[in-house]
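Everything below concerns the one structure shown next.
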Amino acid sequence: MFSGFPSLHPLIIHFPIVLILMAFAFQIIIVAKPQWHQIRWATLAIMAAAFLSALAASTLFHADPADNTPKAAMAIFAAHEKYARYTLWLSGITLLLKAIGVFAKFYSRSYNTVVLVSATLAAICLSITGHHGARLTHIAGVGPMGRYLMKEDDMGKEHAKPGKPDSLMKMDSTMK
């Protein structure tokens, strides 16, 4: 879909990462300083942008591994995808809880703590997702220069960009 995918994917992916972490930080402030009611709407807006950008990153700008991707890298990719789904769902749940709280005027510390727990879980899953993504890129070599990623040519046909031969790929014991 996008010819510059190897360089576009990290740009699109890092945007929701920053927003999810900002939403988490803002929710901490809301619980710690409930009198700072001015940031309720800003936090809701950040959570909405975080969820929508995470949704776009996981659908429109999603990277699919090529058929020639080594099995060890595919195992990491599976874990990466699992935690990415958890992150997406938890960021959506956090947004829903926050929207209910803002519009129904649930401003109690206990309700905002529930929202904070959801935001915390989203941030934890995001961190695990990022860890697996970093392992894919920096250990397994998936993604740099488009290696082991499905590509789309000018005719809209997908094909795999060649990667390193498996014999050259150095896998550490943590990938197994």
Checklist entry - Can you work out the FRET efficiency for the pair Asp64 and Leu96, with r the C-beta to C-beta distance and R0 = 35 Å, to the nearest 0.05? => result 0.75
Next on the checklist: For a quick check of understanding: with a 1.4 angstrom probe and all protein chains in place, what accessible area in square angstrom does Thr113 have, to the nearest ten?
Outcome noted: 50
Checklist entry - Per-residue accessible area for Tyr83 at 1.4 Å probe radius, Å² rounded to 10? => result 50
Checklist entry - Between Ala79 and Ile39, what length in nm is gained on full extension when 0.36 nm per residue of separation is reduced by their alpha carbon distance? => result 10.9 nm
Item to check | Projected label distance in nm at Val18 and Leu52, using a 7 Å step from Cα toward the beta-carbon | outcome: 1.7
Checklist entry - At a probe size of 1.4 Å, how large is the accessible area of Met74, to the nearest 10 Å²? => result 70
Item to check | For segment 26-153: rounded, prolate or oblate by the Cα gyration tensor [a/c cutoff 1.5] | outcome: prolate
Checklist entry - If r is the Cβ-Cβ distance from Lys71 to Thr120 and R0 is 25 Å, what FRET efficiency results, to the nearest 0.05? => result 0.15
Next on the checklist: Going by amide H atoms built from the backbone, whose H comes under 5 Å of the H on Ala66, apart from near neighbours?
Outcome noted: Leu149, Met150
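The values are calculated or read from the model by the stated rules, or taken from the named source; none is laboratory data. Because the structure is a prediction, the values reported are computed rather than measured. Positions of Cβ are backbone-derived with ideal geometry, glycine not excepted, and every protein chain shown enters the neighbour counts. The area values use the complete protein model at the heavy-atom level, side chains included, leaving out ligands, DNA and RNA. Shrake-Rupley method; radii C 1.70, N 1.55, O 1.52, S 1.80 Å.
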